[in-house]
Amino acid sequence: MNSALIQSLIKQSLSNPSAAAARIFALKLSRDVLWSAFALIIVLNVLAAVLLTPAPPDMAGQPAELQDLMRMLNAPMLMTLVSGGVFVVLIFLLTWVGRMIGGSADLGNMLAALTWLQFLTLLSRFIVIALLYLAPALAQLALLAIWGLSLWITLHFIKVAHGFDHIGQAVVTFLLTIFGVALGAVVFLSVIGSLYKGFAG
């Protein structure tokens, strides 16, 4: 990808995400290239998120175990691993769930889709960071607009990746996938909480 193509795809992702998705999938990028780009963008997204996240509250006076846990949860390395893990799960679930309701996406196309969507997320975070310094009052409005636009683009990418006839099928795929990720997160946090209580006790 050269800079002219990237700029063209960014504009088209905003105006006609289905066409942008088709163009990206037509590039047939290798899995090695896609996984490398995916890993890099996850790291950059976490760094941008750290800049946007308020400082954690003062934990003075709290139990030492709780302070250690909060420091661990706010560590950029752990945030990167968790974020990367969640998106890898999303890639597989979006592929499998879509196939269950008649889609035909392969893993490579869904990887390309999520990688590109994360790249757009990274760009949007830079915009929000700039607004926080230039026009703080607009930053919250920008976040809401970006969230809505991101969802709209994501649904169209899912639709094209699976060859769905209707956007509703993409919505169902997305909702079932999010439900699956949320359920997995609850189980994971329950296990972590149990382990923490075991160590603390």
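The values are calculated or read from the model by the stated rules, or taken from the named source; none is laboratory data. Remember, predicted model here, so these are calculated numbers, not experimental data. Quick reminder, even Gly has a Cβ in these numbers, built from the backbone with ideal geometry, and neighbours come from all protein chains shown. What goes into the accessible areas is simple: the full protein's heavy atoms, side chains included, and nothing from ligands, DNA or RNA. Shrake-Rupley method; radii C 1.70, N 1.55, O 1.52, S 1.80 Å.
Has segment 135-152 got at least one residue that is open to solvent by less than 70 Å² (accessible area, probe 1.4 Å) and not in a helix (DSSP H, G or I)? Yes: one or more hits. Taking helices (runs of 4 or more DSSP H) that do not extend beyond segment 1-82, which have at least 3 residues that are loosely packed, with under 11 Cβ neighbours inside 10 Å, at pLDDT 90 or above and not small (Gly, Ala, Ser)? No helices (runs of 4 or more DSSP H) qualify here.
Only one of Val186, Val89, Val191, Val128 is modelled with pLDDT of 85 or more and of a type in the set (Val, Ile, Thr); which? Step through it out loud before you land on a result.
On the way: Val186 fails: modelled with pLDDT of 85 or more; Val191 fails: modelled with pLDDT of 85 or more; Val128 fails: modelled with pLDDT of 85 or more.
Among Val186, Val89, Val191, Val128, only Val89 is modelled with pLDDT of 85 or more and of a type in the set (Val, Ile, Thr).
Of the numbered criteria (1) more than 23 Å from Val89 (Cα to Cα); (2) touching a residue at least 60 places away in the same chain (Cβ under 8 Å); (3) of a type in the set (S, T, N, Q), the one Thr121 fails is (1).
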